[in-house]
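In what follows, a structure is listed as structure tokens, so that the remarks can point back to it.
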Ligand code: RNT
Ligand code: ZN
């Protein structure tokens, strides 16, 4: 056994943590890898600019331009992060045969057959997202539109996606998390806040009404406080989201970039878990706004992971990542963020939660603080290296050598 790991194992044993068991458990936690970091949320169905109040900044060379390129990049990232993964797709990543095309309201399972083949070969499940942005009919409101024709178009899109989500679950044998997020909102103070929300609820009901197998498809609703150009009002606010998901028995999805800057998702997880059987997360990093920066191993990321693990409900939480940085090597961005979240989970699993909870209950806040702080310098890095080794992925910064090589041989040729 590696000397460093042996020492770390003994240290953790002294606080009742079995590092070997932690390593095995961490391997099993599926993290849903968002396909959209690879091409700046571009997708394959429309050429226009990204819309909907989200933005990718930067123009680092080497962006994936085709399904094959995106799949190759995903494979590279998967080879650098140990443990279970799911693939998270957006509807705009439909793959059409030459000369074939289907608008968003007419997409079918067959347009995702290549993705299914890709996921199956890698033993992964697929998660899915209808795409209510970057489309000519998404210049204003979508599911909350006062224009019946537009609203219906997007309802049909949601229904089409539900059928595709069920197809993913059937094909892979793994339930599909289907997340609905709409960019609808207003830049300035609306005259009517009520009607768009009422129409949104009605549209969601119409989507869900087509019926689907709730064991196979977990429909989520992602709320948001604002977007670029949608500063004053978003239809799918937090209260709307909470009210809708709880009344319809679907799953809340919290993206930690979607709240006021001093609100933290780490504090929301426990409350949501108490009232919802399942919970879904978009882990991201917001810098001053919902900027979707690459996840760092920062305090809030660690706190989110801690809440997931300490709740004892990790199996009820669907973990997905949601960031897109085009200013640095995208494959590196993807990998660094993914490994960081995995590290945060590891640190959380190496924490003696029962001991700490007991100190809290005894009112011994002094020792609690001391232990919390001391744990920060425990040798989790040695356990992380051992984890990577056992998963057969690059240890430490050596993963970067692989990325540099990939950039030289593959990414730099994409001009
Ligand atoms: C936007 C939401 C949404 C998107 C992805 C691409 O603010 O976070 O989840 O980022 O669907
Ligand atoms: Zn999100």
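Computed from the coordinates by the stated procedures, all read-outs in this text should not be read as laboratory data. This structure is a prediction, so every number in the text was calculated from the model and none was measured. Every residue, glycine as well, gets a Cβ built from its backbone with ideal geometry; the counts of neighbours run over all protein chains shown.
Quick one: work out the % antiparallel among DSSP beta bridges in the chain, nearest 5.
The answer is about 15 percent antiparallel.
For segment 175-223 versus segment 53-109, the inter-centroid distance based on Cα atoms is 23 Å. For the pair residue 246 and residue 6 in one chain, pulling the backbone fully straight at 0.36 nm per residue adds 81.7 nm over the alpha carbon distance.
Relative to its residue count, segment 1-101 spans a Cα convex hull of 177 Å³ per residue.
Its relative contact order, with pairs defined as Cα atoms under 8 Å and 6+ residues apart, puts the chain at 20 percent.
Once the Cα-Cα distance is subtracted from the 0.36 nm per residue extended length, the residue 397 to residue 315 segment shows a gain of 26.5 nm. The modelled label-to-label distance between residue 114 and residue 297, using points 7 Å beyond Cα along the C-beta direction, is 3.7 nm.
What shape does segment 186-332 have by the C-alpha gyration tensor, where a ≥ b ≥ c are the square roots of the eigenvalues, rounded means a/c under 1.5, and otherwise prolate means a/b greater than b/c and oblate the rest? In terms of gyration-tensor shape, oblate. Peptides 131-142, 346-357, ordered by how many other C-beta atoms sit within 10 Å of their residues on average, highest first, read 131-142, 346-357.
What FRET efficiency, computed as 1/(1 + (r/R0)^6) with R0 = 60 Å and r the Cβ-Cβ distance, is obtained for residue 263 and residue 100, rounded to the nearest 0.05?
0.85
Taking a ≥ b ≥ c as the square roots of the eigenvalues of the Cα gyration tensor, segment 43-132 is oblate, since a/c reaches 1.5 or more and a/b is not larger than b/c.
Could you let me know the centre-to-centre spacing of segment 260-308 and segment 1-17, using Cα atoms, in angstrom? For segment 260-308 versus segment 1-17, the Cα centre distance is 30 Å.
Taking the fewest neighbouring Cβ atoms within 10 Å as the starting point, the ordered list for 281, 273 is 273, 281.
Quick check on the chain: helices-only [θ] at 222 nm, where DSSP H runs of length 4 and up contribute -39,500 (n - 2.57) each and the sum goes over total residues. Nearest 500, please.
On the way: 14 runs with 176 residues, N = 415.
Result for the chain, helices only: -13500 deg cm²/dmol.
Length gained on full extension, residue 231 to residue 367: 44.6 nm, using 0.36 nm per residue less the C-alpha separation.
What do the square roots of 5 times the Cα gyration tensor eigenvalues come to for the chain, in whole Å, largest first, as semi-axes of the equivalent ellipsoid?
On the way: eigenvalues 251, 139, 74 Å².
Three semi-axes, in Å: 35, 26, 19.
Across segment 131-259, the relative contact order, built from alpha-carbon pairs under 8 Å that are at least six residues apart, equals 28 percent. Using a/c under 1.5 as the rounded threshold, could you call segment 126-200 rounded, prolate or oblate? The axes a ≥ b ≥ c are square roots of the C-alpha gyration tensor eigenvalues, and prolate needs a/b larger than b/c, oblate otherwise. Prolate is the answer for segment 126-200, as a/c is 1.5 or above and a/b outweighs b/c.
With contacts defined as alpha carbon pairs under 8 Å and 6 or more residues apart, what's the relative contact order of segment 209-301 in percent? If you can, show how the numbers build up before the last one.
Numbers: 120 pairs, mean separation 22.6, N = 93.
Once divided by the residue count of segment 209-301, the mean separation gives 24 percent.
Label-to-label distance, residue 376 versus residue 194, with points set 7 angstrom from Cα along the beta-carbon direction: 5.0 nm.
Sorted by average packing, counted as other Cβ atoms within 10 angstrom per residue and highest first, what order do 264-270, 390-396 take?
Working: 264-270: 17.4, 390-396: 14.7.
Ranked by mean Cβ neighbours within 10 Å, highest first: 264-270, 390-396.
Each label point was placed 7 Å from the Cα along the Cα-to-Cβ direction; for residue 68 and residue 121 their separation is 1.2 nm.
Can you give me the orientation-averaged projected area of the convex hull built on the Cα atoms of segment 278-409, in nm²? Before the final figure, lay out each step's value.
Working: hull surface 39.7 nm².
For the Cα atoms of segment 278-409, the hull's average projected area reads 9.9 nm².
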